[in-house]
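Report on one structure; see the data block that follows.
The values are calculated or read from the model by the stated rules, or taken from the named source; none is laboratory data. Predicted model, so just to flag it, every value in this text is computed and none were measured. FYI the Cβ positions are ideal-geometry reconstructions off the backbone, even for glycines, and counts take in every protein chain you see. SASA here: full protein model, heavy atoms, side chains in, ligands and nucleic acids out. Shrake-Rupley method; radii C 1.70, N 1.55, O 1.52, S 1.80 Å.
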Amino acid sequence: MIRDFSAMNPSESSFIYRKLIDPILRPLHLEVSSMIRENQTVIDVACGTGALSFLMAERAGRVVGIDISQAMIDAANEAKGKRGLGNVDFFQM
């Protein structure tokens, strides 16, 4: 039985996103992040767990990630804390 991704509890959905979706998107994330110029301010719409945001933060002056899912924002903020980044912020919209 296939479950609706949005119907999963928040910890399930963020776990699946980190383990399945982020690795699939990694090549695209690397390509996009390579286009960021030094000290540029960027916004990551539908940021999920923040994987792209963290790559862009290596070059950008500031990254703002937004997502509709509070579970994804929570996962991104947890990862941000582990990475010790000060130039990334995440918000639920």
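Filtered by the rule that a residue be among the basic types (K, R) and under 13 Å from the mean Cα position of the chain (by Cα), region 20-66 gives a lone residue, R26. Answer yes or no as to whether E31 is at pLDDT below 95, closer than 20 Å to I73 by Cβ and open to solvent by 60 Å² or more (accessible area, probe 1.4 Å). Taking the combined requirement at face value, the residue does not satisfy it. The set of residues in region 29-51 that are outside any loop (DSSP other than H, G, I, E, B), in contact (Cβ under 8 Å) with a residue 12 or more places away in the chain and out of contact with any His (no Cβ under 9 Å at 6 or more places or on another chain) comprises H29, L30, V32, S33, T41, V42, I43, D44, V45. For region 51-77, enumerate the residues that are modelled with pLDDT under 95 and not aliphatic (A, V, I, L, M). Matches in region 51-77: E58, R59, S69, Q70, D74. Picking from residues in region 35-51 that are under 15 Å from R83 (Cα atoms) and among the small types (G, A, S), the one that is most open to solvent (accessible area, probe 1.4 Å) is A51.
Within region 70-93, being of a type in the set (A, V, I, L, M, F, W, C), open to solvent by 30 Å² or more (accessible area, probe 1.4 Å) and not in a strand (DSSP E or B) holds for L85, M93. Out of region 53-74, which residues are touching a residue at least 40 places away in the same chain (Cβ under 8 Å) and under 20 Å from V32 (Cβ atoms)? Passing the criteria: only M72.
Within region 52-69, the set of residues being closer than 18 Å to S13 by Cβ, aliphatic (A, V, I, L, M) and either in a strand (DSSP E or B) or open to solvent by 30 Å² or more (accessible area, probe 1.4 Å) (or both) comprises I66, I68.
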